[in-house]
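For reference, the structure discussed in these notes is given below.
The values are calculated or read from the model by the stated rules, or taken from the named source; none is laboratory data. Just so we're clear, the structure is a prediction, and the values are computed from it rather than from any experiment. Neighbour counts run over all protein chains shown; Cβ positions are idealised from the backbone, glycine included. Note: areas computed on protein heavy atoms with side chains; ligands, DNA, RNA excluded. Shrake-Rupley method; radii C 1.70, N 1.55, O 1.52, S 1.80 Å.
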Amino acid sequence: MYRGKKMFIALWEFFYGHFFRFWMKWLLRQMTGKCELQRIFDTYVGAQRTHRIENSLTYSKNKVLQKATLVVQSEVDRCVEDIMKEKNINPEKDASFKICMKACLLQISGYKQLYLDVESVRKKPYDSDNLQHEKLLIKLWNLLMPTKKLKARISKQWADIGFQGDDPKTDFRGMGILGLINLVYFSENYTSEAHQILSRSNHPKLGYSYAIVGINLTEMAYSLLKSEALKFHLYNFVPGIPTMEHFHQFYCYLVYEFDKFWFEEKPESIMYFNVYREKFHEKIKGLLLDCNVSLTLKI
C-alpha cells in the first residue's frame, strides 16, 4: 500500500511538473494577481506550506528560484531578497512574504544540513582508543545498570544490556558512533522508560537484544532521514531549523513505539525479527506520508 501510494505521488508530481504546472500557474496568476509562492503562503501552513514551496522552487524554470532549494543557512536572507526581486513582490504590499519565505528556506536548508551532520557522525567508527568513545560506552552501562558494577571493559556482562559479544565496539560497525550516541541519549533523557524497555527485552519468550535493536533502530531513523521521508514530520515538529536534537528525539520515538509494537505482535521467535522489523518500518513510513504528521514520544 505504501509503495503504491508513493508511486502515484511520484507520477503525479512528474506530470504536474512537466505538463500541467506552467498553464495552471499562468491561469491562477491572471485570476488572483499573485504568483504561486504568494498563493501557497495564503493557503497553507505547517509542513504542507514548506513542502509546496520546496516543490514550487524545484520545478521553477527560473534559475534563481531553483537554486533557492540549495541555499545554505547563512545566505537565506539574501536568497529571499533575490526571490522577491525576481517575482516583483513589493514588501509594502505583501509584508508577510519575506517572513514566510525565510522560515521555509530555513527548514529546507536545515533538513539538508541535518542529513549531512547525521551522516558525518555515522561515518565515525567506534574507536576503543578514543577516551570520549570509551566514556560514552561506560556511561551507557551506568545509566542502564546503576546498581550493577561493570567488572571489566571486556566482559560477558555486556550481554545484560543486549550486546552480542564481550566487546560492544564490534556491534557499532554499521552505524558507527551514532548508534552509541542514540542509545545514551534515550537512556539519559528517558531513563525510566529505558529501564522498563530493557526489563521487557529480557522476557523469557518475547525478549530481544536491547542494544542491538537500538542500533538497528538508529539505522531505520537514518534511512528515513536520508530518503527524505522525515520531511513532513520535521517540518511540522520544528518551526525553525531541525537539528541533531530533533533526530535523537525521533529515534526515541522509534525505540518506545517498537517495543510496544513487538509485544503487541507477539512474534513466535526472535528468529522472525527481520520480518517484524520490516512490518514496523512500513507502519512508520505510512504514518510519515501524512502531511500533518508529528511523531513525538508521548509518555
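The single condition among (1) closer than 30 Å to Asn55 by Cα; (2) open to solvent by less than 20 Å² (accessible area, probe 1.4 Å); (3) in contact (Cβ under 8 Å) with a residue 60 or more places away in the chain; (4) not β-branched (Val, Ile, Thr) that Leu217 does not satisfy is (3). In region 84-125, the qualifying residues are those that are among the basic types (Lys, Arg) and within 27 Å of Thr43 (Cβ to Cβ), and the one that is modelled with the lowest pLDDT is Lys93. Here region 167-214 is the region considered, the condition is being more than 11 Å from Leu144 (Cα to Cα) and among the β-branched types (Val, Ile, Thr), and the residue that is surrounded by the fewest Cβ atoms within 10 Å (Cβ to Cβ) is Thr170.
Restricting attention to region 243-272, which residues are surrounded by fewer than 19 Cβ atoms within 10 Å (Cβ to Cβ) and over 23 Å from Leu289 (Cβ atoms)? Across region 243-272, the qualifying residues are Thr243, Met244, Glu245, Phe263, Lys266, Pro267, Glu268, Ser269, Ile270, Met271, Tyr272. Taken over region 80-109, the residue count meeting the criterion of being over 31 Å from the mean Cα position of the chain (by Cα) and under 16 Å from Thr58 (Cβ atoms) is 2.
If Gly17 satisfies all but one of (1) at pLDDT below 65; (2) surrounded by 12 or more Cβ atoms within 10 Å (Cβ to Cβ); (3) over 25 Å from Tyr115 (Cβ atoms), what's the number of the condition it fails? Of the numbered conditions (1) at pLDDT below 65; (2) surrounded by 12 or more Cβ atoms within 10 Å (Cβ to Cβ); (3) over 25 Å from Tyr115 (Cβ atoms), the odd one out for Gly17 is (3). Can you tell me which residue within region 273-299, out of those that are open to solvent by 30 Å² or more (accessible area, probe 1.4 Å) and among the β-branched types (Val, Ile, Thr), is farthest from Tyr251 (Cα to Cα)? Among those residues, the one meeting the criterion is Val275.
Hey, any hits in region 175-190 for a residue that's part of a loop (DSSP other than H, G, I, E, B) and either in contact with a His (Cβ under 7 Å, 6 or more places away or on another chain) or within 20 Å of Glu257 (Cβ to Cβ) (or both)? Scanning region 175-190 turns up at least one residue that is part of a loop (DSSP other than H, G, I, E, B) and either in contact with a His (Cβ under 7 Å, 6 or more places away or on another chain) or within 20 Å of Glu257 (Cβ to Cβ) (or both). Of everything in region 197-228 that is small (Gly, Ala, Ser) and within 12 Å of Asn182 (Cα to Cα), the residue that is farthest from the chain's Cα centre (by Cα) is Ala211.
Those residues that are in a helix (DSSP H, G or I), over 17 Å from Phe237 (Cα atoms) and either polar (S, T, N, Q) or open to solvent by 30 Å² or more (accessible area, probe 1.4 Å) (or both), I need them from region 103-132; list them, please. Result: Leu116, Asp117, Ser120, Arg122, Leu131, Gln132. Here Arg29 qualifies as at pLDDT below 65, in contact with a Cys (Cβ under 8 Å, 6 or more places away or on another chain) and exposed (fewer than 15 other Cβ atoms within 10 Å of the Cβ). Taking Ser155, is it touching a helix residue (DSSP H, G or I) at 6+ places or on another chain (Cβ under 8 Å) and among the polar types (S, T, N, Q)? Here the answer is no, as Ser155 does not meet what is asked. Filter region 39-69 for residues that are surrounded by 20 or more Cβ atoms within 10 Å (Cβ to Cβ) and more than 20 Å from Cys291 (Cβ to Cβ); which is modelled with the lowest pLDDT? For region 39-69, the residue satisfying everything is Ser60.
Every condition in (1) touching a Leu at 6+ places or on another chain (Cβ under 7 Å); (2) buried (at least 20 other Cβ atoms within 10 Å of the Cβ) holds for Gly240 except the one numbered (2). In region 71-90, what residues are in a loop (DSSP other than H, G, I, E, B) and surrounded by 13 or more Cβ atoms within 10 Å (Cβ to Cβ)? Passing the criteria: Val71, Lys87, Ile89.
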